[in-house]
Structures are given as C-alpha cells and as structure tokens.
1. Got a sec? Charge dipole of the chain, +1 on Cβ for Lys and Arg, -1 for Asp and Glu; which of F158, A47, P15 is way out at the positive end?
2. Between beta-carbons, use under 13 Å as the cut-off and find the net charge around A20, counting Lys and Arg +1, Asp and Glu -1.
3. Please report the antiparallel percentage of the DSSP beta bridges confined to the chain, to the nearest 5.
4. Below 13 angstrom from the Cβ of V118, what's the summed charge of the other residues (Lys, Arg +1; Asp, Glu -1)?
5. With the radius of gyration and the Kirkwood radius both derived from the Cα set of the chain, what is their ratio Rg to Rh?
6. What lysines sit close enough to K314 to cross-link, taking a C-alpha to C-alpha distance under 26 Å and skipping anything fewer than 8 places away on the same chain?
7. Can you list the equivalent-ellipsoid semi-axes of region 162-294, largest first and in whole Å, using the square root of 5 times each Cα gyration tensor eigenvalue?
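Just so it is clear, none of the values below were taken in a lab; they were calculated from the coordinates. All of these numbers come straight from a predicted model, not from anything done at the bench. Counting neighbours? That spans all protein chains shown, and the Cβs are built from the backbone with ideal geometry, glycine included.
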Amino acid sequence: MSDKAAVLLLQMGGPDSLDAVEPFLLNLFSDRDIIRIGPAFLQPFIARLIAKRRSPGVERKYEEIGGKSPIRELTESQARALEEVLGDGYRCFVAMRYWKPSTMEALAAIRREGISRVIALSLYPHYSRATTGSSVNELKRVLSQSGVQFQMTYVDRFFDHPLYIDALAEKVQEGLDDFHPLAEVQILFSAHSLPQSFIDEGDPYLDHIRETVRLVMERFEGVTHHLAFQSRAGPVKWLEPSTDEMLEHLAAHQVKNLLIVPLSFVSDHIETLHEIDIEYAQEAHKLGYSRFRRSPSLNASPTFISCLADLVRKATEDHG
Ligand SMILES: C=CC1=C(C)c2cc3[nH]c(cc4nc(cc5[nH]c(cc1n2)c(C)c5CCC(=O)O)C(CCC(=O)O)=C4C)c(C)c3C=C
Ligand SMILES: [Fe+2]
Ligand SMILES: [Fe+2]
C-alpha cells in the first residue's frame, strides 16, 4: 500500500469528438440528479430522444470551437499543476460525470497505484444537487459496486474561499485592463442557470453564487455590477434574469462597455468559448456596445491552484 493520498477532481466532462456529442448528451439527460423527465422507468427512452434531437445543433457548436470540448485537457492540466504544488504526498486524478475518464476508470487508476486515502474535490465552487450532488452520488454508487474500501473525504464547495475570490478578482482585473483607462465599464457576472424548482427545494446554489459575487465586488468598489444566468436547457422556469435579457436591458440603459465574468465554471468549455465568445459577442455588437469583453477563465491560474491545494491540505488535516 502507498502512503500517498489521491486527490480526485470531480468535473462534468464534455465530448472529446463530434461523434461523442450524442452519447455525452444521453449520459447527461439520463441522470435524474440533473434533470427529471417523466417517471424514472421512462427516462432512458426520453433521454435517447432528446439526445438525438439536440445533438446536431450542439455538434455544430462544438465544431465551431475546434471539434470537441477542451474540458478534459484543461482539467488534466489543473490536476498536474495541483500535483506540483502539493508535492510528493499526493497524486491527482480526474473523474468526469458524463464522459471520460469515468468515475470507474479514475478509481481503478487510484487502486493500481496502491493508494487507499482519497480526497474527492468537486470543481464546482457553488454546491448544487445537479452538479456536485450528482458527481458525489455517482462516486458513492461506484464505490459500493467496486467493493474496494477507500478512506474517503469530500470537499463539495469553495464559493467563499479567500484564494478562490483572489483568483477570480485577478481575472476580473485582467478583463478590466482590456478597456480604455477612462472608459466607464460595468461588470456582468454570468452564472450557469438552474431550474427555479431546485432553489425552491432548498438547493444553496443561488446563495453561493450571490456570496461569491459580493466577495469579489468588495475588491472593486465603485464599479457597477449585475448578475444574470446563462445556458438554460429545457422548457421549465429557470433562474432569472437570463444573460441575453440582461444584455438587452443594459444596452437600453446606454451601457457601452461591458465586462462579462463567467461564474460556476473553473475552466473554459462550450459555454465560455461558444455561448459568450461567439453568441453573446454577436448580440452585443448588434445591440450597439462599443466594447464587450469576457474575463479569462481560471483554468490553471496559480492562485486558483493554490486554492485547491489549500482545500486538499485542510481536508487532509481534518481527517488526519
Ligand atoms: C438538463 C439540464 C441542465 C442543468 C440543470 C445544468 C446545470 C449546470 N451545468 C453546469 C455546467 C456545465 N454544463 C455543461 C453542458 C451542458 N449542460 C446541460 C444541461 C444542464 N446543465 C447540457 C445539455 C449541456 C451540453 C451542452 C448543450 O447541450 O448545450 C458544461 C460543458 C461541458 C463542456 O462542453 O465542456 C458545463 C461545465 C453547471 C455549473 C450547472 C448548474 C449549476
Ligand atoms: Fe449544464
Ligand atoms: Fe431598468
């Protein structure tokens, strides 16, 4: 047995080729933690229909950002950077909820290394049953099926960690530096949307998002900011206002310079590279903004990696 600990980074995953889009969507729409469609016994059939119907449009979007999601490479590079900072006592692994490497593959790799202590670290800063909840449920299912005993610790949120806030603030500052020094810039935080029913049932996601925004804005006193929600994916009531409505609203109020700051994701993927950089940028141009920019994603930002390292070290101390 190894005396090292494994850090298992939990992330959503994304298609690694255009052929992977439909099976990726099938995995996602089959998961009742993220979406409930009809009674449980019917969901696999309905999920198949939705995945088939949705995939041509989604494939076109992935085609426009290079033919796949970059989320695997970006998460692997976060894992390597984290390993470097943590040093000899740790090895880092990645488990993707809806694509590769799967939770099963990740646990098998940890086992091959002879490691028995695992810190499962969700890469979603804000807790939601739809994201972290789903990944942790999957992990627990696979652990119980595998029959292998690991000593597990879970880190399921870090929306208010000072180093996460520092890392975001650095990116916001980089974004602001891309405007003329005398320009009056407003900030639009754009978080991933969630059906309102999750919040009504007690999901803390919205409170976590608001707290992150509050803490970041403590560093930018005097700058006007807004919060909106992007990437709805179905015909229910989602969090409001939507990012596209907010873009229209601000344009109508003569806002000319806008920095959009993506929240809820810690790396680039289709919703930054396509939805913001292509779709919202075109919309902003039509609406008459003079300058519309996105702050860079955290990816392997050294400050963000030191946040992850701090979370891992604290989890290790707590469970000695
Ligand atoms: C079905 C409902 C969905 C809910 C609820 C939802 C919540 C949610 N998702 C993220 C983060 C990501 N979502 C991504 C893609 C994606 N999400 C949904 C659906 C829901 N998400 C779909 C159908 C897709 C696929 C793309 C599409 O069809 O439009 C991704 C990107 C993966 C990648 O390309 O790399 C991320 C990341 C959060 C944070 C969240 C709620 C809090
Ligand atoms: Fe999503
Ligand atoms: Fe108004």
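1. It is A47, whose Cα lies furthest towards the positive end.
2. Local net charge: -2.
3. Antiparallel bridges: around 5 percent, rounded to the nearest 5.
4. Net charge around V118: +4.
5. 0.97
6. K4, K140, K171
7. The answer is 23, 19, 13 Å, longest axis first.
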